[in-house]
Amino acid sequence: MDGEAKNLSAQRNKSLLDTFFDVTDKYNMLLIPIALIILAMAFIDTRFFRPINIYSIMRAASVYIIIGVAQTFIITTGNIDLSVGSMLGMIMGFVGTFLVTVGNVPLAILLAMVIGLAAGAFNGFLVTKLGIPALLATLGMMEVYRGTVNQYLYGTTVSRFPRALVYLGQGTVGAVPVPVIIATIIAAICGFLYRYTKLGRYAIAIGDNEEAAIVAGIPVKRWKMIFFALSGLLVGIGALIYLGRMDSTNPGMGTGMELHVIVGVCLGGTLLFGGKGTMWGTFLGMILISLINNSLMLAGAGFFIQQILLGALLVASVAFQIFRERKQGLE
C-alpha cells in the first residue's frame, strides 16, 4: 500500500509539473511577475503611475526589445553575443559626433545601420570563418568596441542633436512613444520571421543539433553570419533611439546592456543552450527588466543592487532551464 501511495504521489507531482510547464509554454508566466510588480508599485510609490515615469519605462524597454529580438535568434542557435552593449556605445559615439558636425539625420541613420551591420557581420566572421567560440569572440570584441569609443571620445560628452533625431527617442504619436512603436514593429517582424520562415526554423535546427543541420543541407555558417549581422543592424537602430532619448552620448553609454538583454531573453523562455526560443517571451522579458530597474530606482536602490538582482535572475532562469530539460530528458 505504501508503494502504491508513493507512486500515486509521484504521478500527481509529475502531472502538476507537466501542467505548469505547459502553461508557461502557452501563455508565458512572465505576465504574472509583471502584473505583481505593477500592483505592488501602485501601493508602494505613487510616482510609479505618473506619465513621465510610464514613458521612461516604455522607452527603456524599447531599446532592450530591439536588441533582444536579434539576440533571441543568436541564442537559439546555441551562440551568444556579449558585445552588444559596447557596440551600442561605439555607434552612439560615432553617430553622435557626426550629427553635431554634419547635422544630416537621414545620413546619420544610414551610418548607424551600416556600422552596426558591419560590426555584427565581423562578429559572425570571427565565429564562422575563424572558428572562435562565440563567447570568446564577442567577449573580445566587447573590449575592442568599448576601447574604440573611449579612444574616439576620450572622456568627452557629445550632446544637442537635431530635433528630428531627438524625436526618435522622445517623441510621441498621440499618447504612444515613438520608440515603443518602432520596437513593436521590429518585434512583430522578427516574431513572424522566427515562426514562419527559414530564419526561425534554421536557428532552431542549428541550436538543437548543428551536425544534423549540416547533414540536412543547411548552410550553417552562412546563417550564423546572417544572425550576427542582423543583431548588429538592430543594435544600430537601438543606438539611434538611445541617442534621441538621451540627447547626448559619452564613452560609457551601453555599459552592462548585454547583461540586461541576455537576462531578458533567458527569462522569456529562450534556452541559453540553443534549440528553442520565443519572441513573445523576449518581448515580455525586456518589459520585466525595465520594470524591475525602474521600481528599484524609485525605491532608492542603487546601480549595484540592480546588478546583483540581474545576475541572480540570470542564474535562476538558467537553473530553471536545466531542471526542465533534465526532467523532460528522463521522461
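Points worth noting:
- Residue match in region 289-308 (condition: without any contact (Cβ under 8 Å) to a residue 24 or more places away in the chain and under 17 Å from the mean Cα position of the chain (by Cα)): yes
- Condition check for GLY207: outside any loop (DSSP other than H, G, I, E, B) and crowded, with 17+ Cβ neighbours inside 10 Å: yes
- If the condition is being under 19 Å from ASN104 (Cβ atoms) and among the hydrophobic types (A, V, I, L, M, F, W, C), then region 129-174 contributes VAL158, PHE161, ALA164, LEU165, VAL166, LEU168.
- Residue count for region 287-309, restricted to those that are aliphatic (A, V, I, L, M) and buried (at least 19 other Cβ atoms within 10 Å of the Cβ): 5.
- Taken together, the criteria place GLY277 among residues that are under 15 Å from the mean Cα position of the chain (by Cα), touching a residue at least 24 places away in the same chain (Cβ under 8 Å) and more than 29 Å from VAL166 (Cβ to Cβ).
- For region 143-176, filtering for residues that are of a type in the set (Ser, Thr, Tyr) and either farther than 17 Å from THR97 by Cβ or touching a strand residue (DSSP E or B) at 6+ places or on another chain (Cβ under 7 Å) (or both) leaves 4.
- Selection within region 254-308 - in a loop (DSSP other than H, G, I, E, B) and hydroxyl-bearing (Ser, Thr, Tyr): THR255, THR270, THR278
- For the residues LEU199, LEU267, LEU240, the requirement of being under 18 Å from GLY68 (Cβ atoms), surrounded by 23 or more Cβ atoms within 10 Å (Cβ to Cβ), more than 15 Å from the chain's Cα centre (by Cα) and not aromatic (Phe, Trp, Tyr) singles out LEU240.
- Restricting attention to region 229-267 and to residues that are farther than 16 Å from LEU99 by Cβ and among the β-branched types (Val, Ile, Thr), the residue that is modelled with the highest pLDDT turns out to be VAL235.
- Scope region 40-69; condition in contact with a helix residue (DSSP H, G or I) (Cβ under 6 Å, 6 or more places away or on another chain), under 30 Å from ILE80 (Cα atoms) and not aromatic (Phe, Trp, Tyr); matching residues: ILE57, MET58, ARG59, ALA60, ALA61, SER62, VAL63, ILE65, ILE66, ILE67, GLY68, VAL69
The values are calculated or read from the model by the stated rules, or taken from the named source; none is laboratory data. The structure displayed is predicted, hence computed values, not measured ones. Counting neighbours? That spans all protein chains shown, and the Cβs are built from the backbone with ideal geometry, glycine included.
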